Structure formats: structure tokens, C-alpha cells
1. Given the criteria at pLDDT 75 or above, closer than 20 Å to residue 184 by Cβ and in contact with a helix residue (DSSP H, G or I) (Cβ under 6 Å, 6 or more places away or on another chain), does residue 270 qualify?
2. If I ask for residues that are of a type in the set (Val, Ile, Thr) and surrounded by 22 or more Cβ atoms within 10 Å (Cβ to Cβ), which ones from the stretch 83-111 would you list?
3. Considering only residues that are in a loop (DSSP other than H, G, I, E, B) and on the phi < 0 side of the Ramachandran plot, which ones fall in the stretch 185-205?
4. Mind listing just one residue for me: the one in the stretch 286-295 that is surrounded by fewer than 24 Cβ atoms within 10 Å (Cβ to Cβ) and not aromatic (Phe, Trp, Tyr) and, of those, modelled with the highest pLDDT?
5. Got a sec? Which of 238, 250, 221 is touching a Phe, Trp or Tyr at 6+ places or on another chain (Cβ under 7 Å) and either outside any loop (DSSP other than H, G, I, E, B) or modelled with pLDDT of 75 or more (or both)?
6. Please find, within the stretch 206-218, the residue that is modelled with the highest pLDDT out of those that are among the charged types (D, E, K, R) and part of a loop (DSSP other than H, G, I, E, B).
7. Being modelled with pLDDT under 90 and in a loop (DSSP other than H, G, I, E, B): is that true of residue 78 here?
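The values are calculated or read from the model by the stated rules, or taken from the named source; none is laboratory data. From a predicted model like this one, the values you see are computed outputs, not experimental measurements. Heads up, the Cβs are rebuilt from the backbone with ideal geometry, glycines too, and the neighbour counts pull from every protein chain shown.
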Amino acid sequence: MDIEHLTKMQIVLLTLLVSFVTSIATGIITVTLMNQVPPAVTQTLNRVVERTVERVVPDKSQGASVITKEVTVVVKEDDLITDSIEKNLKSVVRIMKKTDEGVAGNLLGLGVIVSNDGIIMTDLSITKDNSAFIIETEGGHLFNANIIETKSKKPVSFIFVEKSEDNSEDNKDSKDSMLKTVFSPIAFSGANTLKLGQTVISITGGKRTDVAVGIISGFIENDIEKASQPLNTDTLNEKAANDEKDIPQETIKTFSIIKTNIDKNNVITGSPLIDMFGKIIGISTIDSFMENNSAIFISVVDVKNILSDINPVNKEATEIKKQ
């Protein structure tokens, strides 16, 4: 067949054939390249469906009808990550050792504000050898802080703000109003919502704020025994009368350690781990029993129970004990 003497129909068919072969080759090359790209490079798109309900009220003789509209909004993962970081920057503080001269010493690690009255949560290793600290907020405010004694077996500790280190004339407001202005408590994630592979962010950094983004790569679980049914007065009296009769127990598995693929060299002890919606799920720990270089975090999704036992009475008693 002489290509210079093709009919119009033959030219059209030849064009279609070339286009078909080209599209197949392009698809094969694209799929091959996508499979070779690291997971951290590819960004997924999360589709959020917003449902708007409008009520139309016609004449009294007719019943009200409901019109439902569905609007699909495409939310990029990058936008969720940046919003989560910006939302929690003011909740992260730097914890420094308080020297004998009453000034800030070496940086011990980071902590996260969990209440607007000055309670800060951090890794237990940061406070185990000290009881007095100086903290620095994201805005550069300095505060004295003391450790809070708790009965919790969780490897986290709590400190509370004592007073401001800034004694200038411009800082004569009351402590309560000052804390409400400066402190921004972080929100906790709900229990049992963590999933393998979900994106997580660690807010860290020594002299300046850094972030590290990765995924949850695994969990370490603990078994906790609790009563299979709520204990009432009759149950307790019955147990006291007959010690040999045990109250039914059930074993619940909880996530004690969160494994990530974040490089542990990029994370400072006490750095919070948050999800893409800005809620805290873990605190980085100094414990490095992992064989690889991945950062691990203490799960804090169940720490709210500990916070409920910490009140101004506990803090005042701690202050007296420290004096």
C-alpha cells in the first residue's frame, strides 16, 4: 500500500489507529511511574459531601416540604495539614530547666497545653528528675511552672503555670486573664479512631518550630482489665462479704504506643502528634527501643480521664509540697 495515495477513509482510519496506540502507551507509562513514586510524594484528595437542608413553607393549606441539596467540595490533604498545624501552634510550649538562679536553663523538651488554666502535658522523661521549670509559649511569653503529682500509670506527666516571668509595667493584669489570652488548649481525638496508614503530623523543633509529616505504621497494645458491668453498692457489699467470689472482668485492648514512619532524629521529646483534623493523639517519647529510626509516640487518646482528677486543689497541694 502506497502511503502517498491513501484515500480519505484510509487516512482517517490510520489516524484513529495511531491515536489508539498512543493512548495505550501513555497509560502504561503513567501507571508505571505512579507505582514507583514514594507514598509521601503522592497526595490524596478527600471528597467531603456537604448536605444543605432548605425548608420551604408554602400556604397554610399545604404541608411544609424539605428540599435537600448535595454539594461536593474537594478538599486537598495539603490544606487539611496546614490548617491543623496553624490551629495548634499556640498550644505547643518549650520546657526548660529552672536553674538555682531562677532563670531558664537547658531545653528539656516540648509540651502541649491541655487546659486554659495552665496545665501542660509532656513525656514523663522530661520531668522525672526536676520539679521546677520555665516554659516558653509560641508568642515568646515566659512562665514559671511546677510539676503536678498524679497517681496515673501513664508515661506522661503534667506541669502547671505558677506565674509570669515578665514583670514589666505592661504585664500587670491578673493571672487568670493573662492565661486566657496566652494559652490555647489542644483538642483530644476520640478513642479507637486511629487507623493504620492514616496521615499524622508532629509539631516539633528546638529553637524554632518545625513539623514532620508521616503515617501511622503500627501499634503496640496493652490489655486492661475492667469490670464487665458497672459496680453498684450491692455488688461491693456482696464482694466484701464473700472474698472468694470475683467480680466478672473483661479485657480491653488499648493502643499504648503509636509507631510512625517519621524519622526520630527530626522529633524532639514531648512533641505532640496530631491528626489531619488538628486533634492530639500522641506525645513523642525518649524511649528508643525500636530497632529502626522511626519515631514512636505515647498514645494520649485516653488521657482525659487523668485530667478530670487534676483540679486547683491538686495544684495548690503540689505547690505547698514543693515549698
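1. For residue 270, the condition - at pLDDT 75 or above, closer than 20 Å to residue 184 by Cβ and in contact with a helix residue (DSSP H, G or I) (Cβ under 6 Å, 6 or more places away or on another chain) - is met.
2. 92, 93, 95
3. First pass over the stretch 185-205, keeping only residues in a loop (DSSP other than H, G, I, E, B): 185-186, 189-198, 205.
Answer for the stretch 185-205, where residues must be in a loop (DSSP other than H, G, I, E, B) and on the phi < 0 side of the Ramachandran plot: 185, 186, 189, 190, 191, 193, 194, 195, 196, 198.
4. 294
5. Working: 238 fails: touching a Phe, Trp or Tyr at 6+ places or on another chain (Cβ under 7 Å); 250 fails: touching a Phe, Trp or Tyr at 6+ places or on another chain (Cβ under 7 Å).
Matching residue, one of 238, 250, 221: 221.
6. So the residue we want is 208.
7. Against the criterion (modelled with pLDDT under 90 and in a loop (DSSP other than H, G, I, E, B)), residue 78 does not qualify.
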